[in-house]
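Notes to accompany the following structure.
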Amino acid sequence: MADKIVMETGAYESTGGRKAKRISMNPAYRYAVGIGITAKHVGFVLVNLRYEIEKYERIFLEFSPETSYYLQLRKELERFLADMENPGRILGIGISIPGIINAKERMLIKSHALQLENYSLTFLEQIFSLPVYFENDANAAMMAENQNTYKNALYLSLNSTLGGAFCIDGKLVSGENQKAGEFGHMILVPGGKRCYCGKQGCADAYCAAKVLTDETGQSLEQFMKRVGEKEREAEQIWQEYLDKLAILISNLRMAYDMDIILGGEVGGYLANAMLTLGEKVMAYNGFDHDARYLKICAYKREASAVGAAKYFLQKFIKEM
């Protein structure tokens, strides 16, 4: 308490003697920053020791491997943290990136979304004065969830690109070549729509968030508002999206037989559609009696950035 690591948060009910004091971790004792990099945007989050988002922001910043991009990224982060009273409490910066990452070697092995291959992340690391941790975006989103709740679970990251991750016994499974969880590039419709990876019929071409926004030219928030207002065109696109998502979910449930967490940008809007989605999933699955294994993500915005930031917070708590 003298070091302000823990603090009093009240008192328990008396059982006859003096009331016992309620003591908990001081969430402001340490922080971590999360940065979620995508092809078109960057998300910033400031996360405390309770894994609460104290501040977040998303800006338009088109990715580029040029030095100017990294300098702009550093400038934007400095602006984001400008009002923080004690920046010395920040443990590190977790960065989520869409693609296959070798975190130990600081290498982005391949990213279709960013159009990079065998790309060194060391320069990106060097522009910051704090320790940096890199993680695949879908893996980071899975890390944002409570591992005590989901010892065995699968995460579907329904962002502008579709990613995935899963954990067994509370540990992420990366695969022998760090490619586990690439659900977005499973063939969903043979000979179907062309995916950005070059193949036809990938799940990404039917279940990523861009499916709902590219054809309408609106933001996801605007599109979902139209769905809520029962606009015929938006409702038809939404139902077709849920149909394809139900097929993907059914296939993943048959393969993994574990809880499936629906996350990403679309995951934040699925709470009101769970009954409809569950019915669609059940039409393809004759082995489950219900769809209670479908779960909504804990963080409805910038989950990947939160998960990357949690790396430093968990490491700090473990070493205390």
- Are any residues in the stretch 145-161 open to solvent by less than 10 Å² (accessible area, probe 1.4 Å) and under 22 Å from Leu220 (Cα atoms), and if so, which ones? Tyr155, Leu156, Ser157, Leu158
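Take Ile260 and decide whether it is out of contact with any Asp or Glu (no Cβ under 7 Å at 6 or more places or on another chain), of a type in the set (Val, Ile, Thr), open to solvent by 10 Å² or more (accessible area, probe 1.4 Å) and at pLDDT 95 or above. Give the derivation first.
Working: out of contact with any Asp or Glu (no Cβ under 7 Å at 6 or more places or on another chain): yes; of a type in the set (Val, Ile, Thr): yes; open to solvent by 10 Å² or more (accessible area, probe 1.4 Å): no; at pLDDT 95 or above: yes.
It is false that Ile260 is out of contact with any Asp or Glu (no Cβ under 7 Å at 6 or more places or on another chain), of a type in the set (Val, Ile, Thr), open to solvent by 10 Å² or more (accessible area, probe 1.4 Å) and at pLDDT 95 or above.
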- Item | Qualifying residue in the stretch 35-45 (condition: in contact with a Pro (Cβ under 7 Å, 6 or more places away or on another chain), closer than 16 Å to Ile95 by Cα and touching a residue at least 24 places away in the same chain (Cβ under 8 Å)) | yes
- Query: Say we look at the stretch 57-111 and pick out the residues that are aromatic (Phe, Trp, Tyr) and touching a helix residue (DSSP H, G or I) at 6+ places or on another chain (Cβ under 8 Å); which of these is nearest to Tyr29 (Cα to Cα)?
  - Reply: Tyr70
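Listed here are the residues, each with its yes/no results for (1) within 15 Å of the chain's Cα centre (by Cα); (2) in a loop (DSSP other than H, G, I, E, B).
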| site | (1), (2) |
| --- | --- |
| Gly10 | no, no |
| Ile23 | no, no |
| Pro27 | no, yes |
| Gly36 | yes, no |
| Tyr51 | yes, yes |
| Ile59 | no, no |
- Query: Looking at Leu245, is it in contact with a helix residue (DSSP H, G or I) (Cβ under 7 Å, 6 or more places away or on another chain) and part of a helix (DSSP H, G or I)?
  - Reply: yes
- Note on the structure: Checked against (1) modelled with pLDDT under 90; (2) closer than 19 Å to Tyr311 by Cβ; (3) surrounded by fewer than 16 Cβ atoms within 10 Å (Cβ to Cβ); (4) not aromatic (Phe, Trp, Tyr), Leu81 satisfies every condition except (1)
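Going residue by residue through the stretch 252-259, is there one that turns out to be within 23 Å of Trp238 (Cβ to Cβ) and touching a residue at least 12 places away in the same chain (Cβ under 8 Å)? Don't jump to the end; show me each part of the working.
Taking the stretch 252-259 and keeping what is within 23 Å of Trp238 (Cβ to Cβ), we get 252-253.
Next, only the ones that are touching a residue at least 12 places away in the same chain (Cβ under 8 Å) stay: 252-253.
Yes, that holds for at least one residue.
Scanning the stretch 277-304 for residues that are part of a helix (DSSP H, G or I) and loosely packed, with under 15 Cβ neighbours inside 10 Å, which turns out nearest to the chain's Cα centre (by Cα)?
We begin by selecting, within the stretch 277-304, every residue part of a helix (DSSP H, G or I); these are 277-284, 303-304.
Now restrict to residues that are loosely packed, with under 15 Cβ neighbours inside 10 Å: 279, 283.
Values: Glu279: 26, Ala283: 28 Å.
Looking at residues that are part of a helix (DSSP H, G or I) and loosely packed, with under 15 Cβ neighbours inside 10 Å, I get Glu279.
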- Just one of (1) loosely packed, with under 14 Cβ neighbours inside 10 Å; (2) within 27 Å of Lys210 (Cβ to Cβ) trips up Gly164, so point out which. (1)
- Looking at the stretch 84-97, which of its residues are open to solvent by 40 Å² or more (accessible area, probe 1.4 Å) and of a type in the set (S, T, N, Q)? Asn86
- Residue under evaluation Lys230, criteria (1) exposed (fewer than 14 other Cβ atoms within 10 Å of the Cβ); (2) of a type in the set (D, E, K, R); (3) assigned to a helix (DSSP H, G or I), criterion not met: (3)
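Scan the stretch 233-257 residue by residue and report those that are among the β-branched types (Val, Ile, Thr) and open to solvent by 10 Å² or more (accessible area, probe 1.4 Å). Please lay out each step first, then the result.
Step one: of the stretch 233-257, the residues among the β-branched types (Val, Ile, Thr) are 237, 247, 249.
Of everything in the stretch 233-257, those that are among the β-branched types (Val, Ile, Thr) and open to solvent by 10 Å² or more (accessible area, probe 1.4 Å) turn out to be Ile237, Ile247.
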- Query: How many residues does the stretch 280-304 contain that are farther than 26 Å from Asn139 by Cβ and free of Cβ contacts under 8 Å to residues at least 12 places away in the same chain?
  - Reply: 3
- Message: So the check is Cβ under 8 Å with 6+ separation or different chains; which pairs have a first residue in the stretch 305-320 that's open to solvent by 20 Å² or more (accessible area, probe 1.4 Å) and a second one that's part of a helix (DSSP H, G or I) and of a type in the set (A, V, I, L, M, F, W, C)?
- Response: Tyr311/Met143
- Query: If you go through the stretch 182-209, how many residues are open to solvent by 50 Å² or more (accessible area, probe 1.4 Å) and not polar (S, T, N, Q)?
  - Reply: 9
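The values are calculated or read from the model by the stated rules, or taken from the named source; none is laboratory data. All values reported here derive from a predicted model rather than from experimental measurement. So basically every Cβ, Gly included, is an ideal-geometry build from the backbone, and we count neighbours across all protein chains shown. Quick note on the areas: whole protein, heavy atoms, side chains included, nothing else; ligands and nucleic acids left out. Shrake-Rupley method; radii C 1.70, N 1.55, O 1.52, S 1.80 Å.
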